[in-house]
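To start, the structure itself, in structure tokens.
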Amino acid sequence: MMRVLMVVGLVMAAVSSARAGRFEEADYFAKTIPTYRIPTPTEPGVAPVSVIGEVRVYRIRKGDTLMDLARYYSLGYNEMVEANPGIDPWIPPVGATVLLPTEWVLPCCSYRGIIVNIPEMRLFYMRPANDGTTLVNTYPVGLGRDDWRTPAGKFVIQGKTVNPQWNIPPSIREEHIRERGDPRTFIPGGAPDNPLGKYRLELSLPMYRIHGTDIPWGVGMQVSHGCVRLYPEDIERLFPLVPIRTPGEFSYDTLKIGQRDGVLYAESHADIYGYKPAAFRDAQAKLEALGLAGRVDPEELVAGLTDSRGLPFRISPGGDGPQLVSFDPIEDDD
């Protein structure tokens, strides 16, 4: 409880207002999606700079929902709800202050290509620049529901399609007939109800793809038949950046470890498929495998695993004050 109280105190001191009113579809396509730049890691393991972004705050205006804010700031529904417990996602109280969890620990340890961290429901795309740095883009995703789990595994991007046709697999067609009375065997590219959206990345992993969606509010939820769904505007930005033969991986990391300014941080997420029920034991094993166990304060690790809201928290010993990395209030743009 002390951790949460300390964090809230800082947020309230820094809060300011942001855009007002309801969001339009054009707002989402005009939103800013930052590209982060880190020094290219030269050794395997946790990179010296592997925490990106900043936690920010937002004051709720009339007509806002957490779903709107999640999409406008390229966050998933899961991230917004976890960061703001007790706030009604559909009718948040006007004037309430909410956290925008726009800060992440990078997945370890290749720092190249596409990595989708399944428990986090987030995609990271990392590519080297020509100046000794690595560029990082990150987007929230929707993943497979519990009976159609997105699998862990490595892949290569082997194709890219604009306005892909969806050829409905027999098992999914049977489900559509049973639940909706819809017997279609395919949905043409460009159709408004095509669940692939406008852009698709084909993977070497059979039966799985990364694509857009016709239901943006499913991003940050377990709603698909296993494929990875991005907001329409996010896949539109990602699609031209990714060349054929880009390596990738679906990883399953409930705990990520990173560092910035010589300080170690962790980021913890729910075990959505129930693969890793022993959180602290798994965290200890990961730290030992990375050779970092001696640099960690066990009390901070336990506290963060218990109450971090999905945000990066400090695990190096000797920390003063709140454990979250930073806050950056959004300025009023009215």
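The values are calculated or read from the model by the stated rules, or taken from the named source; none is laboratory data. None of these values were measured; they are calculated from a predicted model. Here Cβ is always computed from backbone atoms with ideal geometry, including for glycine, and neighbour counts include all displayed protein chains. Quick note on the areas: whole protein, heavy atoms, side chains included, nothing else; ligands and nucleic acids left out. Shrake-Rupley method; radii C 1.70, N 1.55, O 1.52, S 1.80 Å.
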Every residue in region 104-123 that is out of contact with any Leu (no Cβ under 6 Å at 6 or more places or on another chain), outside any loop (DSSP other than H, G, I, E, B) and surrounded by 22 or more Cβ atoms within 10 Å (Cβ to Cβ), please. Trp104, Val105, Ile114, Ile115, Asn117, Arg122, Leu123
Conditions (1) free of Cβ contacts under 8 Å to residues at least 60 places away in the same chain; (2) in a loop (DSSP other than H, G, I, E, B); (3) hydrophobic (A, V, I, L, M, F, W, C): number failed by Ile33: (1)
Where residues in region 139-154 are of a type outside the set (Gly, Ala, Ser), open to solvent by 10 Å² or more (accessible area, probe 1.4 Å) and touching a residue at least 60 places away in the same chain (Cβ under 8 Å), which of them is nearest to Gln222 (Cα to Cα)? Arg145
Scope region 143-160; condition over 15 Å from Glu120 (Cβ atoms), at pLDDT below 85 and in a strand (DSSP E or B); matching residues: none
Check on Ser251, within 30 Å of Val162 (Cβ to Cβ) and either in contact with a Leu (Cβ under 7 Å, 6 or more places away or on another chain) or touching a residue at least 60 places away in the same chain (Cβ under 8 Å) (or both): yes
Can you tell me which residue among Gly258, Gly304, Gly319 is at pLDDT 95 or above and either more than 22 Å from Pro85 (Cβ to Cβ) or surrounded by 19 or more Cβ atoms within 10 Å (Cβ to Cβ) (or both)? Gly258
Residues being surrounded by 19 or more Cβ atoms within 10 Å (Cβ to Cβ) and under 26 Å from Ala30 (Cβ atoms) - total across region 204-220: 8
When residues of region 227-241 are limited to those that are part of a helix (DSSP H, G or I) and touching a strand residue (DSSP E or B) at 6+ places or on another chain (Cβ under 7 Å), the one surrounded by the fewest Cβ atoms within 10 Å (Cβ to Cβ): Leu241
When every residue in region 49-88 that is under 20 Å from Leu143 (Cα atoms) and not in a helix (DSSP H, G or I) is compared, the one most open to solvent (accessible area, probe 1.4 Å) is Tyr73
What number goes with the only condition from (1) surrounded by fewer than 19 Cβ atoms within 10 Å (Cβ to Cβ); (2) in contact (Cβ under 8 Å) with a residue 60 or more places away in the chain; (3) on the phi < 0 side of the Ramachandran plot that Gly291 does not pass? (3)
From the options Ala285, Ala270, Ala266, residue that is open to solvent by 50 Å² or more (accessible area, probe 1.4 Å) and outside any helix (DSSP H, G or I): Ala270
Might you check whether a residue that is farther than 29 Å from Arg56 by Cα and out of contact with any helix residue (DSSP H, G or I) (no Cβ under 7 Å at 6 or more places or on another chain) occurs anywhere in region 297-318? no
Go over the candidates Arg127, Arg184, Arg173 one by one and state the one that is out of contact with any Phe, Trp or Tyr (no Cβ under 6 Å at 6 or more places or on another chain), open to solvent by 20 Å² or more (accessible area, probe 1.4 Å) and within 18 Å of Thr246 (Cα to Cα). Arg127
